[in-house]
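Down below is the structure, laid out as structure tokens.
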Amino acid sequence: MRDIILFFDSAAYRQVKETAIGASSSVAIAENFVHKAFEHQRALRPDKQDVYFRYIDDIFGIMTGPDTLLQFFYPRTNTAHENQKFTLEQSKTAINFLDTTMFIGSEDRLLHTRAYYKPTNLHTYLRYDFTHPSSLKNSLPDSLGLLLMRRNQP
């Protein structure tokens, strides 16, 4: 395997583990890694979440019960594999998952969604004068509109 070198801020870095960001195999490897390291261990636990969704290496769960149950469950997730570390975001009213904020409506107490943008999102899209096919450039506004409509559905 050849070394992958990354240059950032006038310094060179050599990647010695995992797959390269952007490599076509990275998503499949991450999916299999999380499944093997985390899912097997999760299946053996009695303190499972009431709701559980996973997309590659992003996990969303809802647990009912006292906060101490979550505080007990979370540290154990980081014991599945030495190279796999999870962060915990917890709230009783709203949480971000992927590019969506899920929240409980203040009046109807139902689960709603709205678009979420990470602070690092620059909202930069393809410039129209680039040499991409016009069909691709013309489809961007419709595609972004559909994405927003789907994220903001009740």
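Looking across Ser135, Ser106, one residue alone is open to solvent by 70 Å² or more (accessible area, probe 1.4 Å), farther than 30 Å from Phe33 by Cα and not in a loop (DSSP other than H, G, I, E, B). It is Ser135.
For every residue, the table says whether it meets (1) exposed (fewer than 10 other Cβ atoms within 10 Å of the Cβ); (2) modelled with pLDDT of 75 or more; (3) outside any helix (DSSP H, G or I).
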site: Glu39; (1), (2), (3): no, no, no
site: Pro46; (1), (2), (3): yes, no, yes
site: Met102; (1), (2), (3): no, yes, yes
site: Asp142; (1), (2), (3): yes, yes, no
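The values are calculated or read from the model by the stated rules, or taken from the named source; none is laboratory data. Owing to the predicted nature of the structure, the values given are computational and were not obtained by experimental measurement. With ideal geometry, Cβ positions are generated from the backbone for all residues, glycine too; neighbour counts draw on all protein chains shown. Just so you know, the surface numbers come from the protein's heavy atoms only, side chains and all, with ligands and any DNA or RNA stripped out. Shrake-Rupley method; radii C 1.70, N 1.55, O 1.52, S 1.80 Å.
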